[in-house]
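**Q** Below is one structure. I have some questions about it.
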Amino acid sequence: GEFVWGAGIECSFIPHLDVDQFAWTQHDRFWKDDFRRAREELGIRHLRYALPWHEIEREPGRFEWGMADERIGFAREIGLDLMMDVMHFGTPRWLKQAVGDPLFPESLERFATEMVSRYRGKVGTWCPFNEPLVSALFSGDFGFWPPHQRKWRGYMPVLSRIVQAVSRGITAIRAAQPEATVLLSDAAENYKTRVEKLKPEVARRNLRRFLVMDLLTGRVDSRHGLYP
């Protein structure tokens, strides 16, 4: 297969915290210049990209595609292949508990179905959810992001919702565009300690670096290190 060398424009939107990285970097104003420079000055043909879910679906089930139509259309015009995230980081405000909300998995599935169906002739690679492990860490362990859960008791329910959403997102992509490439992007945590009494906790945390993939592929059974 072809080796793909590309880049990405950082695109975290966490409206619950007033985080909008397109606004911070002024990409929302200069996106055409950014696309053109990536293609012409850097020679990039493949670009990881996402659009603000909270602006496209301001109310559940009501979609405004104007921004997406314009950007995806322009990228095609200049020969830039967008490798699209259905969701990067951040959910619409109507998901009150964000990625920990009971409605999150079905909401991401619906958004994926609508988005992939609309652009299936123009986008060939879809990532249902960027870095689910990081999202679970920040939202369910460190408590930085909504729903601001902490430690293992907070982490596992949030992780469960996230993995359900990734699974349903993959199903939606496959149904809407069977020939699409499904891209799964995640981090690999690594913890170390010199403190003896922290070693069991560090070992447990290092076990979870592949937990999203383990859950998606059905590997978490009674023999899995984190099963208890």
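**Q** Can you list residues whose amide H is under 5 Å from F89's amide H, if they're 5+ apart or on another chain and H is modeled 1.01 Å from N?
**A** F13
**Q** Which stretch or stretches of region 120-134 have amide N atoms under 18 Å from the point lying 7 Å from E189's Cα along the Cα→Cβ direction?
**A** Within reach of a label on E189: 130-134.
**Q** I'd like the orientation of helix 66-77 relative to the chain: the angle between its Cα long axis and the longest Cα principal axis, in ° from 0 to 90, rounded to 10.
**A** 70 degrees
**Q** From the helices alone, meaning DSSP H stretches of at least four residues, give me the mean residue ellipticity at 222 nm for the chain, per-run term -39500 (n - 2.57), in deg cm²/dmol to the nearest 500.
**A** -13500 deg cm²/dmol
**Q** Here's a follow-up. Which trypsin sites (Lys or Arg not before Pro) from region 58-120 combine a DSSP loop assignment with at most 14 other Cβ atoms within 10 Å?
**A** Sites meeting the loop and neighbour criteria: R58, R93, K96.
**Q** Checking the cross-link filter: which lysines have an alpha carbon closer than 23 Å to that of K122, excluding same-chain neighbours under 8 positions apart?
**A** Answer for K122, where 23 Å is the Cα cut-off: K32, listed by chain and number.
**Q** Measure off, as a whole percent, the carbon and sulfur share of the 1.4 Å-probe accessible area of the chain, all protein chains present.
**A** 50 percent
**Q** Further question on the same structure: Taking the Cα centre of each part, how many Å lie between region 56-104 and region 168-211?
**A** 23 Å
**Q** Give me the percent of DSSP beta bridges within the chain that run antiparallel, rounded to the nearest 5.
**A** The antiparallel fraction comes to roughly 20 percent.
**Q** Once amide H atoms are placed 1.01 Å from N in the peptide plane, what residues at a sequence separation of 5 or more from G143, or on another chain, have their amide H within under 5 Å of its amide H?
**A** Distant-sequence amide H within range of G143: Q149.
**Q** What residues qualify as long-range amide H neighbours of H46, i.e. H under 5 Å apart, gap of 5 or more or another chain, H built at 1.01 Å from N?
**A** A7, D81
**Q** Provide the packing ranking of 35-43, 214-222, i.e. peptides ordered by the mean count of other C-beta atoms within 10 Å per residue, highest first.
**A** Top to bottom by mean Cβ count within 10 Å: 35-43, 214-222.
**Q** At 1.4 Å probe size, with every protein chain present, just tell me what the per residue accessible area of the chain comes to in Å².
**A** Heavy-atom SASA per residue in the chain reads 53 Å².
**Q** Send over the per residue convex hull volume for the chain, Cα only, as a whole number of Å³.
**A** 151 Å³
**Q** Now a separate question. In what order, largest first, do K122, K192 sit by accessible area if the probe radius is 1.4 Å?
**A** I get K192, K122, largest accessible area first.
**Q** Hey, what do the phi angles of region 115-132 turn into as Karplus ³J(HN,Hα) couplings, whole Hz, using 6.51/-1.76/1.60 and θ = phi - 60°, x for Gly and Pro?
**A** Values, residue by residue: 5, 5, 4, 6, 10, 5, x, 10, 10, x, 10, 10, 10, x, 6, 6, 6, x Hz.
The values are calculated or read from the model by the stated rules, or taken from the named source; none is laboratory data. Note that this is a predicted model, so its numbers are computed, not measured. Don't worry about glycine lacking a Cβ; one is built from the backbone with ideal geometry, like all the others, and counts go over all protein chains shown. In case anyone asks, the SASA skips ligands and DNA or RNA and just uses the protein heavy atoms, side chains included. Shrake-Rupley method; radii C 1.70, N 1.55, O 1.52, S 1.80 Å.
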